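Read the structure below first, then the notes.
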Amino acid sequence: MRHTVDHIKNDTSFQLLDKLHYDDIVEFATEYVRKKTRSMTFYLVIIVIFFILQWSAFLYGIFVSHMNIVSLLKQFLYGLIISLTIVIPLHELIHAFGYLLLGARKIRFGAVLKHFAFYAVADNFVANRNAFIFLALSPFVIVSLLNLAGFIFVHGYASYTYISVLFFHATMCAGDFALLSYFEFHRDKELYTFDDVGNKTSYFYYKKSEVSQ
């Protein structure tokens, strides 16, 4: 059974847990990035691995392949520029496609420019825990795999652009992993979330157990 927003709001078996205004996303993310959850442990390990991979590749290029240092550093810069200009929209489009696959249709894009934060959400679409995990991880997995493939199969200086994008994009996924950390922190609850785009607010409800009712 797919729950609707009206059902969740009007059914007394559902309890509001949190609501998050989009302007407060950085404070929210910071709180749950600091939680000792498996989601955040995995994310931090991945960031370290990607960082080591990136700079090991650069050092290999300089000292083993005898590549030009300035040219390699340019690829590093290109990776940053591509991440900020091309990869951010791609990341949000993957979120949007994920919503479409789950059945959502009223998808909206936006940004909180003061925090340089971007989002793709589905207005009044209820997602349970499994759906949210799918939505949150899809951009990270797809973009990471594409750039790893680029680094492996593209030769020459261009391959270093891919490994840079791999790292920079991963650092931009902190918000997604913070939300995963939120769900994991409340893993004892049957969570549901939806967005009210007009009010720029995300809502998190849980279904009360029969005992608590």
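For the reader, a short list of remarks on this structure follows.
- The residue that is farthest from the chain's Cα centre (by Cα), counting only those in region 115-151 that are in a strand (DSSP E or B) and within 16 Å of Leu93 (Cα to Cα), is Asp123.
- Unique residue being more than 25 Å from Ile107 (Cβ to Cβ), at pLDDT 95 or above and of a type in the set (Val, Ile, Thr) when the list is Thr161, Thr193, Thr201: Thr161
- Selection over region 1-45 of residues that are buried (at least 16 other Cβ atoms within 10 Å of the Cβ) and β-branched (Val, Ile, Thr) gives a count of 6.
- Considering residues of region 173-204 that are over 11 Å from the mean Cα position of the chain (by Cα) and in a helix (DSSP H, G or I) only, the residue farthest from Ala29 (Cα to Cα): Gly198
- From the list Asn147, Asn124, Asn68, the lone residue that is closer than 27 Å to Arg187 by Cβ and either of a type outside the set (Phe, Trp, Tyr) or in contact with a strand residue (DSSP E or B) (Cβ under 8 Å, 6 or more places away or on another chain) (or both) is Asn124.
- Cross-chain or 6+ apart pairs with Cβ under 8 Å, region 15-41 first and more than 23 Å from Lys207 (Cα to Cα) and assigned to a helix (DSSP H, G or I), then polar (S, T, N, Q) and at pLDDT 95 or above: Tyr22/Thr201; Tyr22/Ser202; Val33/Ser181; Met40/Ser181
- Qualifying residue in region 152-159 (condition: part of a helix (DSSP H, G or I) and under 21 Å from Tyr22 (Cβ atoms)): no
The values are calculated or read from the model by the stated rules, or taken from the named source; none is laboratory data. As the structure is a prediction and not an experimental result, all values here were calculated from the model. All Cβ positions, glycine included, derive from the backbone under ideal geometry; neighbour counts span all protein chains shown.
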